[in-house]
Amino acid sequence: MSSPVVEVRNLSKRFGGFTAVDGISFEIGRGEILGLLGPNGAGKTTTFQMMLGLVTPTSGSIRMFGLDLQSNRETILQQVNFSSTYISLPFSLTVEENLRVVARLYGMSNIAARVDDMVKKLEMGDWRHKLTRKLSSGQMTRLTLAKALLTEPKVLFLDEPTASLDPDIAHKIRAILLDERQATGLSILYTSHNMREMEEMSDRIIFLQRGKIVAEGTAKDIVARFGQADLEDVFLKIARE
Amino acid sequence: MAYHRIAALVIRHLYLYRRSLPRVMEIIYWPFLDLVVWGFITVYLATFQGQMPAVVTFLLGALILWDVLFRSQQGITISFLEEIWARNLMNLFASPLTPSEFLAATMVMSLFKVTAVSVVMSLCAWLFYGYNVFIIGLWLMPFMANLVLTGWIIGVFTTSLIMRFGQEAEVLAWSMVFLFQPISCVFYPMDVLPAWLRGVAAINPAAHVFEGMRGLLATHAAPLTNLGLASGLNLLYLGAVVLWFHHTFNVCKERGSLVRVGE
Ligand SMILES: Nc1ncnc2c1ncn2[C@@H]1O[C@H](COP(=O)(O)OP(=O)(O)OP(=O)(O)O)[C@@H](O)[C@H]1O
Ligand SMILES: [Mg+2]
């Protein structure tokens, strides 16, 4: 197997006296989709933010493409992007203007063609000239996903990317992500509170609780190991411990 | 520093101005109103021309120059606030954009605002009051450059405070600069200050600009001392305040508050 695209070693984050992430280690291979599962407050978002250089780890290391994030921030972040239901793009710009700005920020060439491509792929044609302020929450989610895919990342961080989508669009988005992985070898780390989605999407799952990894493996492995019927039951068992 | 990332931010702000009336008013209408009010005051004061020579020149010139400083500061701070209001800081700082590039973009925006405001005000002063700013001559240029720098210093300082203390500090974007107005000696010479305050004003680069401008108008001597002091102090403070911005940025990443500013 080729060396992993993402390597996290003993990563911890303390906020004052509170430990949000407690010595976690994991790897993501090229083209792998790793699901990060865990109850509210388990430390998923904090982990993402450390991997995006938005929060400084208390200890441990994050490496991507064989480089250390601390000392190679620009090189790494150029090849990474993220999306979440909880982020937005500037309201006073149109959908298309926002995408153009992002493309420039990442120094893309052929901006017009790339934007057209994304608009088509995520079915945003009807509202590409709308002000971002006027989007529904599901449309906003699609826009933030478009901005993430627009920059042709090698690693994608998705924090609850489908939380506000209707089942039809959510299904399409999952299909797009799987396509993209197939076509470009995109690696994805993502969270969701939708257990079926987790089982369907993830090659491997990490179960996080109170900042620690409490289970790791394929969905099937984990379900079998905990002697439960499905992932949802595993979640309930772990979360209620 | 990557030029394309700075350009991306500038274009993002220009998109914003293109369709926002309040934002355009900020650089055209408010400065214009300022000028009209002060214009009438000077017209009135000019009727005492005998007792108060050159009062018109002083007041209108000072007002335009003060606005240069004010808009320069706003260019920095408001550009940062726009990102907070748009909840865009996370998108920006999870990209390869560096804090220095971010600052550079706000400085470019600041130059845009200053240019727009100076053109509007100078033109109005000339049209309505027959006042020619360039009466100060070519010395106007280094004076203005120094005021822009002072505006950046106050702007970066205020931005760091807002980043660190969040929403409660937002009001500083409009009020901070007026904390410096009394010791900037915009409309009166440094001599009128009480001795202890004169000491404070002496380390304020803006005070040396306005002092220099008055000296120039009164004596026509080259204001080299004032310009030298203003430039030296400006460069010193700008360096310090940019370092402090970077420090604050790192503190916020440490506390995990960078992506929560304004929430
Ligand atoms: N900046 C911060 N300062 C202090 N505590 C924080 C900060 N950010 C996160 N925390 C705490 O760290 C813990 C983990 O939060 P995090 O957002 O990572 O959880 P999560 O797994 O994403 O949860 P959810 O499923 O609700 O999104 C929480 O208890 C949270 O209160
Ligand atoms: Mg979360």
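The values are calculated or read from the model by the stated rules, or taken from the named source; none is laboratory data. Just so it is clear, the structure is predicted and the values come from calculations on it, not from any experiment. Quick reminder, even Gly has a Cβ in these numbers, built from the backbone with ideal geometry, and neighbours come from all protein chains shown. Side chains included, ligands, DNA and RNA excluded: accessible areas come from the protein's heavy atoms. Shrake-Rupley method; radii C 1.70, N 1.55, O 1.52, S 1.80 Å.
Summary of values
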quantity: Neighbours by Cβ (under 7 Å, 6+ apart or cross-chain): first from segment A:48-61, farther than 11 Å from residue B:94 by Cβ; second more than 11 Å from ligand 1 (Cβ to nearest atom) and of a type in the set (Asp, Glu); calculated: A:61/A:68
quantity: Neighbours by Cβ (under 6 Å, 6+ apart or cross-chain): first from segment A:82-98, more than 7 Å from chain B (Cβ to nearest Cβ) and open to solvent by 10 Å² or more (accessible area, probe 1.4 Å); second of a type in the set (Val, Ile, Thr) and assigned to a helix (DSSP H, G or I); calculated: A:85/A:141
quantity: Positions within segment A:40-67 being within 16 Å of the chain's Cα centre (by Cα), away from ligand 1 (no atom under 11 Å from the Cβ) and under 23 Å from residue A:180 (Cα atoms), in sequence order; calculated: A:51, A:52, A:64
quantity: Matching residues, segment A:127-157, being within 16 Å of ligand 2 (Cβ to nearest atom) and at pLDDT below 95; calculated: A:141, A:144
quantity: Count of residues meeting criterion [away from chain B (no Cβ under 14 Å) and more than 23 Å from residue A:5 (Cα to Cα)] in segment A:142-165; calculated: 5
quantity: Which listed residue is more than 16 Å from ligand 1 (Cβ to nearest atom), under 27 Å from residue B:134 (Cβ atoms) and part of a loop (DSSP other than H, G, I, E, B), from B:187, B:210; calculated: B:187
quantity: Residue that is farthest from the chain's Cα centre (by Cα), among those in segment A:145-177 that are open to solvent by less than 50 Å² (accessible area, probe 1.4 Å) and within 16 Å of ligand 1 (Cβ to nearest atom); calculated: A:164
quantity: Criterion: buried (at least 17 other Cβ atoms within 10 Å of the Cβ) and closer than 30 Å to residue A:235 by Cα - qualifying residue of A:141, A:132; calculated: A:141
quantity: Test: residue in segment A:68-79 that is within 16 Å of ligand 1 (Cβ to nearest atom) and within 24 Å of residue A:216 (Cβ to Cβ); calculated: no
quantity: Where residue B:70 falls short, out of the listed (1) open to solvent by 20 Å² or more (accessible area, probe 1.4 Å); (2) more than 30 Å from residue B:260 (Cα to Cα); (3) out of contact with any Cys (no Cβ under 9 Å at 6 or more places or on another chain); calculated: (2)
quantity: Filter result for residue A:109 (open to solvent by 10 Å² or more (accessible area, probe 1.4 Å) and more than 14 Å from chain B (Cβ to nearest Cβ)); calculated: no
quantity: Considering residues of segment A:14-39 that are within 14 Å of another protein chain (Cβ to nearest Cβ), free of Cβ contacts under 8 Å to residues at least 60 places away in the same chain and of a type outside the set (Gly, Ala, Ser) only, the residue nearest to ligand 1 (Cβ to nearest atom); calculated: A:15
quantity: Count of residues meeting criterion [within 11 Å of another protein chain (Cβ to nearest Cβ) and within 9 Å of ligand 2 (Cβ to nearest atom)] in segment A:40-55; calculated: 3
quantity: Filtered residue count, segment A:174-204, keeping only those that are within 16 Å of ligand 2 (Cβ to nearest atom) and modelled with pLDDT of 95 or more; calculated: 1
quantity: Whichever residue in segment A:183-200 is away from ligand 1 (no atom under 16 Å from the Cβ) and without any contact (Cβ under 8 Å) to a residue 40 or more places away in the chain and, among such residues, is farthest from residue A:41 (Cα to Cα); calculated: A:183
quantity: Residue among B:164, B:71 that is among the charged types (D, E, K, R), touching a Ser or Thr at 6+ places or on another chain (Cβ under 7 Å) and modelled with pLDDT of 90 or more; calculated: B:164
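Yes/no matrix, rows are residues, columns are (1) touching a Lys or Arg at 6+ places or on another chain (Cβ under 7 Å); (2) not charged (D, E, K, R):
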residue: A:70; (1), (2): no, yes
residue: A:84; (1), (2): no, yes
residue: A:91; (1), (2): yes, yes
residue: A:95; (1), (2): yes, yes
residue: A:100; (1), (2): no, no
residue: A:105; (1), (2): yes, yes
residue: A:115; (1), (2): yes, yes
residue: A:118; (1), (2): no, yes
residue: A:121; (1), (2): no, no
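So that you can scan it fast, the table gives a plain yes or no per residue for (1) outside any loop (DSSP other than H, G, I, E, B); (2) among the polar types (S, T, N, Q); (3) open to solvent by less than 60 Å² (accessible area, probe 1.4 Å):
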{"site": "A:199", "(1), (2), (3)": "yes, no, no"}
{"site": "A:205", "(1), (2), (3)": "yes, no, yes"}
{"site": "A:223", "(1), (2), (3)": "yes, no, yes"}
{"site": "A:227", "(1), (2), (3)": "no, no, no"}
{"site": "A:232", "(1), (2), (3)": "yes, no, no"}
{"site": "A:235", "(1), (2), (3)": "yes, no, yes"}
{"site": "A:238", "(1), (2), (3)": "yes, no, yes"}
{"site": "A:241", "(1), (2), (3)": "no, no, no"}
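Each row is one residue, and each column tells you yes or no for (1) within 14 Å of another protein chain (Cβ to nearest Cβ); (2) closer than 22 Å to residue B:156 by Cβ; (3) over 18 Å from the mean Cα position of the chain (by Cα); (4) modelled with pLDDT under 95.
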| residue | (1), (2), (3), (4) |
| --- | --- |
| B:82 | yes, yes, no, yes |
| B:89 | yes, yes, yes, yes |
| B:100 | yes, yes, yes, no |
| B:104 | yes, yes, no, no |
| B:122 | no, no, no, yes |
| B:127 | no, no, yes, yes |
| B:130 | no, no, yes, yes |
| B:141 | no, no, no, yes |
